[in-house]
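Below is one structure, written out as structure tokens; the observations come after it.
None of the figures in this text is laboratory data; all of them are computed from the coordinates on show. Keep in mind that what you see is a predicted model, and the values were worked out from it rather than measured.
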Amino acid sequence: MKEKCDGPCIILYTSEYCLWCDTMMSMLRDILEGIGFNGVIQEVDIAQTGDITSIPTINLCGKRIIRIQDEMTMRNEVFKVILMSCFHSTTQST
């Protein structure tokens, strides 16, 4: 996994037609708020991109996770990201 983020480290790609995007956003927020980080998720509509074809898609510091995942998998992936230096250079702990 690359250690450099070009912008926000956590990006959730969505669409108005996505059935699972709200669930994924809620899960990510719950995980992050549970460890003291708020407002660090950037939401991007796939209509603004040219390379995202499956939703929800999450970009975690360069690692792309496609489709909804179980909470334990997402928790583990988020913990890996918050240990990376790029995460702390683009966010502030609350």
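With N counted as the residues of region 10-90, its alpha-carbon radius of gyration over 2.2 N^0.38 Å works out to 1.03. Computed over region 10-90, relative contact order equals 35 percent, with contacts defined as Cα pairs under 8 Å that lie 6+ residues apart.
Between amide H atoms placed 1.01 Å from N, distances below 5 Å from ASP45 occur with THR14, all of them 5 or more places distant or on a separate chain.
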